Every structure is written in structure tokens, then in C-alpha cells.
Amino acid sequence: ALIVVHLYGLAADLDKISSLCKKYGVALIEDAAESLGTLYRGKYTGTIGDYGIFSFNGNKIITTSGGGILISNRVDRIAKVRFWASQSRDPARHYQHSELGYNYRMSNVLAGIGRGQLKVLDRRIAKKKAIFEFYQEKLGHLEGLKMMPVNDWNEPNYWLSCCTLSSKVRPLAVMEALEAENIESRPIWKPMHLQPFFTKYDFVGDGIADQIFENGICLPSDTKMTEEDLDRVVRIMQRLWD
Ligand SMILES: Cc1ncc(COP(=O)(O)O)c(C=O)c1O
């Protein structure tokens, strides 16, 4: 199988990837953990490949505090996963296991929270988009600063507002300036092939992920941020370019 990851609420260019998967008979799994509500050419990410996963971890656009879901149109495969996720219990009166199982069920309490959270998803997306557009407007002109690209196939959920910096102002300087004012920001995800655990393995790549990791930064993007909070972030950043 091939796992495509829709990062930061942006959709990957799925047409190209899924046509390759079809050509070679490879199952396509969409990791839509960060992109619930994102549209790729009018279709929700996570619903386009053979399987989709979503995360409801505490940092996501909606949350059940922890947990997630797997979706697929392949009813037989979902039934099998449900079997594994609920301890692989054979249909017997006593506990009997012919296969190794896992206890991956979401509790009904957390599922209830998730159903409530789904009702605020549209509002959250609208706020995340407003945050991104605010940064775009106030910071987009700074030398070397480029907000994450919203390609024409994309209607993102804007989970996090990210940018790259190619001028003399480095991401670390921005993170430290914000931190000095008690504001958290983060680097872009470290690519898998740079993780110490994986350095012994081969990888295929052209260095783009490395560059984005080196030059990227995730700006504060919480939906609870007020206009005043956003203004503070922008002012602290603008000072670094003065
Ligand atoms: C792209 C991506 N995939 C998978 C996960 C894992 O999800 P979970 O924390 O629900 O296991 C996360 C984040 O947590 C993520 O951002």
C-alpha cells in the first residue's frame, strides 16, 4: 500500500498519486489526520483513496482528547479491522481468540464528544482560514516569507498556518522571539528519513522535505486566538525584519 499524508490541512495532489496506484494495483491509504474537512477538487480528503484515517488527538481541528477513525467503502475490510480492534474475539460465548487482537476501540463517551465536536467543524475551519488570511495579509510581504501554498485543487481546513523563510531571518529566531513573549510556535515536521531511528534505511527523495524542514515554521493557529493575540504575533515577527 501507499500512504499519502495531507499535511497541515492541505490536500496532496491525489489525481497523480491515485492514477499511479491504480496502474500498479497498489492500495491507497490517505492519512487525513490533519485534514478533516479539507476538499480535494470538491471531494473530502480521506474519502478518495481505498482507505482514509482521521485523528481526534488533542491538537487536531476537532478532538475527542485521543483516538481516531478509519474509513473505507470496502465493507469486508472494515469488518476485519473492527474485529482486530476489538480484541479479535471469535463468535463464542467465552473469550476465544484465533487471531492476535488489539483493544483499539473508542469509548462511547469519547465518541459522544466527537459527535458534538463535528457540529463545530465548519466554524473551526472558517476561523482557521481567517487566521491564515490575517497572517498572509500582514506578513506575506516580508522578505523571503512565503505562506504555505494553497493550490487550485485545494480547499484546505487550514489546520495550522505555516510558512517558509528564505531570508536572513531564520525560523529559530522567530520561534525564540515568540517564546520570549510566552507564545508557542513550532518547526515543520521532521522528515522520516532524517529521524535517527530510520537513518539506517534507504529513502527516495529530492531534498524538498529537508528544505521545508530547515526553512519552515508553524505559526500560532489556535481557534481561540483573538485579533489582539494575532496582532501580537505579527508585531513580534515584523520587528525581526525591521
Ligand atoms: C499526519 C498525522 N498522521 C498521524 C497522526 C497520529 O494520530 P494520533 O495522534 O491520533 O495517533 C498525526 C498526529 O497526531 C498526524 O499529524
Can you bin every Cα-Cα distance in the chain into 10 Å intervals starting at zero and give me the percent of pairs per bin, rounded to whole numbers? 7, 25, 32, 23, 10, 3, 1, 0
Helix 227-241 against the longest principal axis of the chain: what's the angle in degrees, Cα atoms only, rounded to the nearest 10? 60 degrees
Using only the alpha-carbon atoms of region 146-186 as identical scatterers, what base-10 log of I(q)/I(0) does the Debye formula give at q = 0.14, 0.22, 0.26, 0.30 Å⁻¹? -0.43, -0.81, -0.94, -1.05
Give the calculated FRET efficiency between residue 26 and residue 184 to the nearest 0.05, with a Förster radius of 30 Å applied to their Cβ-Cβ distance. 0.20
Sort 36-44, 139-147 for me by packing, meaning the mean count of neighbouring Cβ atoms within 10 Å per residue, highest on top. 36-44, 139-147
So how tilted is helix 75-85 from the main axis of the chain? Cα-based, degrees 0 to 90, rounded to 10. 90 degrees
I want to verify the translational diffusion coefficient of region 121-241 in µm²/s; compute it with Stokes-Einstein, Rh as the Kirkwood radius over Cα pairs, at 4 °C and 1.567 mPa s. 84 µm²/s
Output the antiparallel fraction of DSSP beta bridges having both residues in the chain, as a percent to the nearest 5. 70 percent
Sort 21-31, 107-117 by the packing proxy (mean of other Cβ within 10 Å over each peptide's residues), most packed first. 21-31, 107-117
Among the listed pairs 43/119; 129/200; 23/80; 128/168; 43/128, which have their C-alpha atoms separated by more than 31 angstrom in this model? 129/200
Determine the shape class of region 2-118: with a ≥ b ≥ c the square roots of the Cα gyration tensor eigenvalues, call it rounded for a/c under 1.5, and otherwise prolate if a/b is greater than b/c, oblate otherwise. oblate
Just to confirm a number: summing +1 for Lys and Arg and -1 for Asp and Glu over residues other than residue 117 whose beta-carbon lies under 13 angstrom from that of residue 117, what do you get? +4
Just for region 2-118, what percent of DSSP beta bridges are antiparallel, to the closest 5? 45 percent
Under a crude label model (7 Å from the Cα following the beta-carbon direction), how far is residue 208 from residue 77 in nanometres? 2.5 nm
Two-site FRET efficiency, residue 59 against residue 98, from Cβ-Cβ distance with R₀ of 35 Å, rounded to 0.05: 0.40
As a test of the formula, what do you get for the chain when each DSSP H run with n ≥ 4 contributes -39,500 (n - 2.57) and the sum is divided by the residue count, at 222 nm and rounded to the nearest 500 deg cm²/dmol? -11000 deg cm²/dmol
Please compute the net charge surrounding residue 101, taking Lys and Arg as +1 and Asp and Glu as -1 over other residues with Cβ under 15 Å from its Cβ. +2
Largest-first principal axis extents, alpha carbons of region 84-188, Å: 68, 32, 29
Cα→Cβ-extended label distance, 7 Å offset, between residue 109 and residue 170, nm: 4.6 nm
Between residue 193 and residue 151, what is the label-point separation in nm under the 7 Å Cα-to-beta-carbon projection? 1.9 nm
I need the calculated FRET efficiency for the pair residue 224 and residue 137, taking r as the beta carbon distance and R₀ as 22 Å, to the nearest 0.05. 0.60
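Every number in this text was worked out from the coordinates using simple rules, so none of it is lab data. Since this is a predicted model, take the numbers as computed values, not measurements. For neighbour counting, all protein chains shown are included, and Cβ atoms are generated from backbone atoms with ideal geometry for every residue, glycine included.
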